[in-house]
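Everything on this sheet refers to the single structure shown next.
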Number of protein chains: 2
Amino acid sequence: MRYFTDYRDHVGSSPTRFFKTTLFQSPRILVGMDCLEPGQSQEAHVHTGRDKCYFVIEGTGTFTIGEETCKVSEDMVVWAPADVIHSVVNTGSQRLVMLIGMAPEPG
Amino acid sequence: MRYFTDYRDHVGSSPTRFFKTTLFQSPRILVGMDCLEPGQSQEAHVHTGRDKCYFVIEGTGTFTIGEETCKVSEDMVVWAPADVIHSVVNTGSQRLVMLIGMAPEPG
């Protein structure tokens, strides 16, 4: 099955840095997972010319996008527009699991 | 808050056709919701030059992407690549709620 997958088969962890993996990819978009253990973060950064969207599936965290800071939990959708600085930290006690899309893909 | 939303605030229904709405949009990507009542469908179609990805949040359905047919339920990610014919029908008894991304956006 090339076109179907369960996000739970792609959850992972890394002791040194947040975990990320790719589910689907084309020149137009990358669909993947970002998984952060408690205390792990994505430091403030920008994606030049690329929008990134996060969907929080499990866990809790705190995002900053531009001038907005928001606590997030499951069911929330987060939009990091191209060229806008953003960061996220897992402030909870369980893994923060997010489905992400980045367009165009970063390759 | 321009960059944060809860998908549950965007779920809806239409008696005549599946319900869709946009959460975030740029020239590069549209992020939205597709909601199908029991029995509703998206008939077979293609998006020329555009990839579409679905994440099933609630409900069950049957997708066909190209030659592959798959029953889906919550937690599944479905990839409809550009120019590949695809369809979906809500085969369950509750609303089928999906977060979608389309790149580039169809405007």
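The values are calculated or read from the model by the stated rules, or taken from the named source; none is laboratory data. Everything numeric in this text was worked out from a predicted model, so none of it was measured. Because the Cβ atoms are built from the backbone with ideal geometry, glycine has one as well, and the counts that use them run over all protein chains shown.
One line per residue, one yes/no per condition, for (1) outside any strand (DSSP E or B); (2) in contact with a Pro (Cβ under 6 Å, 6 or more places away or on another chain); (3) surrounded by 16 or more Cβ atoms within 10 Å (Cβ to Cβ):
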{"site": "B:32", "(1), (2), (3)": "no, no, yes"}
{"site": "B:42", "(1), (2), (3)": "no, no, yes"}
{"site": "B:47", "(1), (2), (3)": "yes, no, yes"}
{"site": "B:71", "(1), (2), (3)": "no, no, no"}
{"site": "B:78", "(1), (2), (3)": "no, no, yes"}
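Could you pull out the residue among A:76, A:33 that is farther than 27 Å from residue B:87 by Cβ, within 12 Å of chain B (Cβ to nearest Cβ) and touching a Phe, Trp or Tyr at 6+ places or on another chain (Cβ under 9 Å)?
Values: A:33 fails: farther than 27 Å from residue B:87 by Cβ.
Result of the check over A:76, A:33: A:76.
Please specify each residue of the range B:49-69 satisfying the condition of being of a type in the set (Lys, Arg) and either farther than 16 Å from residue A:99 by Cβ or not in a strand (DSSP E or B) (or both). Can you show your working first?
Kept after step one, since they are of a type in the set (Lys, Arg), are these residues of the range B:49-69: B:50, B:52.
Scanning the range B:49-69 gives a single hit, B:50.
Mind checking whether some residue in the range B:83-103 is within 16 Å of residue A:101 (Cα to Cα), at pLDDT 95 or above, facing chain A (nearest Cβ under 8 Å) and surrounded by fewer than 22 Cβ atoms within 10 Å (Cβ to Cβ)? Show your work before the answer.
Filtering the range B:83-103 for residues within 16 Å of residue A:101 (Cα to Cα) gives B:98-103.
Of the ones still in play, those that are also at pLDDT 95 or above are B:98-103.
In the following step, the residues that additionally are facing chain A (nearest Cβ under 8 Å) were identified as B:99, B:101, B:103.
Filter once more, keeping what is surrounded by fewer than 22 Cβ atoms within 10 Å (Cβ to Cβ): none.
No: zero hits.
Scan the range B:51-69 for residues that are surrounded by 17 or more Cβ atoms within 10 Å (Cβ to Cβ) and not aromatic (Phe, Trp, Tyr) and jot them down. Steps first, please.
In the first step, residues of the range B:51-69 are kept if they are surrounded by 17 or more Cβ atoms within 10 Å (Cβ to Cβ); the result is B:51-57, B:59-61, B:63, B:65.
B:51, B:52, B:53, B:56, B:57, B:59, B:60, B:61, B:65, listed by residue number.
On the given criteria, is residue A:21 within 14 Å of chain B (Cβ to nearest Cβ), polar (S, T, N, Q), surrounded by fewer than 16 Cβ atoms within 10 Å (Cβ to Cβ) and farther than 20 Å from residue A:96 by Cβ?
Details: within 14 Å of chain B (Cβ to nearest Cβ): yes; polar (S, T, N, Q): yes; surrounded by fewer than 16 Cβ atoms within 10 Å (Cβ to Cβ): yes; farther than 20 Å from residue A:96 by Cβ: no.
Criteria not met by residue A:21.
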